[in-house]
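Engineer: Before I ask anything, let me first share the structure, which is written out below as C-alpha cells.
The values are calculated or read from the model by the stated rules, or taken from the named source; none is laboratory data. Values in this document were obtained by computation on a predicted structure and should not be read as measured data. Note: ideal-geometry Cβ built from the backbone for every residue, glycine included; neighbour counts use all protein chains shown. With ligands, DNA and RNA removed, areas are computed over all heavy atoms of the protein, side chains included. Shrake-Rupley method; radii C 1.70, N 1.55, O 1.52, S 1.80 Å.
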Amino acid sequence: MRRGSILALLGIGLVAGGVAAAVALVPTWLPEPASREAGRIQFVFWFTIVICIVIFSLVAAVMIYAVLKFRVRPDDHEDGPPIHGHTGLEITWTVIPFVLVTSIAIVSAIVLSRNDAQAQDTLRVNVTAQQFLWTFSYPDAKNVTSPVLRLPKDRSVELYIRSEDVIHSFWVPQFSQKEDTVPGLVTQLHITPDRLGTFPVVCTELCGLGHALMRSQAIVMTPAAFEQWLHQQEKGATAGSTTTTGSSTHPTGLAVFKANSCATCHTLSAASATGTVGPDLDKLVSYAQQAHQPLEAFAHQSVVDPNAYIQPGYPKNLMPPTFGQTLSKAELSALVTFLVQSSKQSKKG
Ligand code: CUA
C-alpha cells in the first residue's frame, strides 16, 4: 500500500472521528449524575460510545476512500478481477467485534452487580405509586410519610416500590435507573445519592389521564439535615399526625393542597390549579347542592371517602380512597376550610 493512501485513510478517519466525537460531546445528552449508580451507568455509556466512535471512523475512512479512489471512470467498461474471499480479513472482522461486544457485556455485568449490591446501614424507603401521585414513607422511623422523597447524601438507600392501582414507573433522571411499579409486586431499587440538590421524580409509564403530571421531587440532603428532618417528622407522627406539609404545625389549606399534588387532577382558581382529571373544585358549591349535602360536610366527605358521591361525568375510583388517611387532623380541617372558602369566592359556583 502506498504511503499516500495510508495518509489519506488516516486523514478521513480523523475527520470522521472528530465529527462523531463532537456529536457525542457537545450537546448535553445525559443529566449530571447524582448517585454512584448513575455514575457507573454513565461509565458504561461512555465506554460504549468510545468503541462506537473508533469503529465509525474506521468504516467511514475505508468507505469514503474507496468511493473516491475506485469509482468507475467514464471510459471504463471492464469488470474488476474476481475475488474469492480473504480468510485473514474475515477472521479479523469477526474477532474484533466479538472482543468488543464481549467487553461491553462484561463491563455491564460488573456495573449491574455493583449497583444492586447491598451496602451496610441501608436506609429503607417505601414508595407507593397511585393515580396520580407518589408517596414515600420511612418504615424505620415510625413510618413517617412524605409527598417528596428526602434522602441523605452518601448513604445506601433501598426503595421498596408498590402500586395501588396500575403500572407506573419510578424515575429520577439524575439517578439514571428506572423501576416499574407493578400491582401485587414489591419491586426494589438501590440508590446511593452522592450530590446535594433537588431532582424531579417522574412517572415514566403511561398510567392514565394524569400521567404527564405525576411528578414529585427527590431532595438529597446532608446526613445531619436529613436526620433532623426525620426526627421532626417522627415527633409529629407520635403526636398523631403524619405531617405532609413539612415542619409547619399550623398548616394552611393551600399548603396542604399543594403538598399533596391535588392540582394534578383538580382545577381550583384559588390555588392556580388547572387539572381536569377530577371534578372542578371551583364548582364545589353546585356539586354539594346536586349531592343534597351541606357544603362543608360534602367537602369533608369528598376528601376522606371520595367514592361516597361521584360527580356525574367523572370516573369512579380515581381519587385514592386512602388519601384522607395520609393527612393529619389539622391538615384535613385546613384543607376542607380552604376548599369551602375558595369555592364560595369562585364565580363559577
Ligand atoms: Cu403514573 Cu404515569
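Engineer: How large is the dipole of the chain about the Cα centre if only Lys and Arg carry +1 and Asp and Glu carry -1, each at its Cβ, rounded to the nearest 20 debye?
Structural biologist: So the dipole magnitude of the chain works out to roughly 660 debye.
Engineer: Probe 1.4 Å, all protein chains in place: accessible area of LYS344 in Å², nearest 10?
Structural biologist: 140
Engineer: Using the Cα gyration tensor of the range 173-217, with a ≥ b ≥ c the square roots of its eigenvalues, what is the shape: rounded (a/c below 1.5), prolate (a/b larger than b/c) or oblate (neither)?
Structural biologist: The shape class here is oblate.
Engineer: Compare the Cα positions of LEU149, SER169, THR198 along the charge dipole of the range 137-198 (+1 at Cβ of Lys, Arg; -1 at Cβ of Asp, Glu; about the Cα centre) and return the one farthest towards the positive end.
Structural biologist: THR198
Engineer: Something else: Hey, what's the chain come to in accessible area per residue, 1.4 Å probe, Å²?
Structural biologist: For the chain, the per-residue accessible area is 56 Å².
Engineer: Mind giving me the nanometre distance, one decimal, between the label points for ASP116 and ARG73, set 7 Å out from Cα along Cα→Cβ?
Structural biologist: Between ASP116 and ARG73, the simple spin-label model gives 6.3 nm.
Engineer: Sticking with this one: Using +1 on the beta carbon of Lys and Arg, -1 on that of Asp and Glu, and nothing else charged, what's the dipole of the range 1-158 about the Cα centre, debye to 20?
Structural biologist: The dipole magnitude comes to about 460 debye.
Engineer: Top to bottom by accessible area (1.4 Å), largest first, where do ASP194, ASP75, ASP282 land? Could you put the intermediate results ahead of the total?
Structural biologist: On the way: ASP194 60, ASP75 120, ASP282 0 Å².
If we order ASP194, ASP75, ASP282 from most to least accessible, we get ASP75, ASP194, ASP282.
Engineer: Mind listing the long-range amide H neighbours of VAL144? Cut-off is under 5 Å, sequence gap 5 or more, other chains count too, H placed in the peptide plane at 1.01 Å from N.
Structural biologist: Amide H neighbours of VAL144, under 5 Å, 5+ apart: TYR138.
Engineer: Separate question: With a cut-off of 8 Å between alpha carbons and a minimum separation of six or more residues, what is the relative contact order of the range 71-221 in percent?
Structural biologist: The value is 21 percent.
Engineer: Let me ask you something else. Rounded to the nearest 10 Å², what accessible area does VAL111 show when all protein chains are kept and the probe is 1.4 Å?
Structural biologist: Counting only protein heavy atoms, the figure is 20 Å².
Engineer: From the phi of every residue in the range 162-168, what ³J(HN,Hα) in whole Hz does the Karplus formula 6.51 cos²θ - 1.76 cosθ + 1.60 yield, where θ is phi - 60° and glycine or proline is x?
Structural biologist: Once rounded to whole Hz, the list reads 10, 10, 8, 9, 10, 7, 10.
Engineer: Which is the longest stretch in the chain that no exposed loop site breaks, taking sites as chymotrypsin sites (Phe, Trp or Tyr not before Pro) with a DSSP loop state and at most 14 other Cβ atoms within 10 Å?
Structural biologist: 71-349
Engineer: Distance cut-off 30 Å, Cα to Cα: go down the list LYS258/LYS344; LYS258/LYS283; LYS178/LYS329; LYS283/LYS329 and report the pairs above it.
Structural biologist: LYS178/LYS329
Engineer: If you don't mind, there's one more thing I want to ask. Using a 1.4 angstrom probe on the protein heavy atoms only, line up ARG162, ARG3 by accessible area, largest first.
Structural biologist: Result of the area sort, largest leading: ARG3, ARG162.
Engineer: Could you work out the percent of alpha carbon pairs in the chain separated by over 29 Å, rounded to a whole number?
Structural biologist: 56
Engineer: Can you give me the solvent accessible area of ILE41 with a 1.4 Å probe, rounded to the nearest 10 Å²?
Structural biologist: Surface open to solvent at ILE41 totals about 60 Å².
Engineer: A further question on this structure: Loop only per DSSP, at most 16 neighbouring Cβ atoms within 10 Å: give me the trypsin sites (Lys or Arg not before Pro) in the range 25-114, ordered by residue number.
Structural biologist: Within the range 25-114, the qualifying trypsin sites (Lys or Arg not before Pro) (loop, at most 16 other Cβ atoms within 10 Å) are ARG71.
Engineer: Can you work out the Karplus-derived ³J(HN,Hα) for every residue in the range 183-196? Use 6.51 cos²θ - 1.76 cosθ + 1.60 with θ = phi - 60°, whole Hz, and x for glycine or proline.
Structural biologist: Here the 3J(HN,Hα) series is x, x, 10, 10, 9, 10, 9, 9, 9, 10, x, 10, 9, 5 Hz.
Engineer: So for the pair GLN311, ILE64, with labels modelled 7 Å out along Cα→Cβ, what separation do we get in nm?
Structural biologist: 6.2
Engineer: For GLY278, list long-range residues whose amide hydrogen, built 1.01 Å from N in the peptide plane, is under 5 Å from its own amide hydrogen.
Structural biologist: Amide H neighbours of GLY278: HIS266.
Engineer: Continuing with this model, one more query. Looking only at the chain, where both bridge partners belong to it, what percent of the DSSP beta bridges are antiparallel (to the nearest 5)?
Structural biologist: The antiparallel fraction comes to roughly 70 percent.
Engineer: Let me ask another. Among MET63, MET221, MET319, MET214, what's the order by accessible area (1.4 angstrom probe), most exposed first?
Structural biologist: Reading off the accessible areas and sorting them downward yields MET63, MET319, MET221, MET214.
Engineer: Take every DSSP beta bridge with both residues inside the range 115-242 and express the antiparallel ones as a percent of the total, to the nearest 5.
Structural biologist: On the way: 25 of 36 bridges.
Bridges in the range 115-242 are about 70 percent antiparallel.
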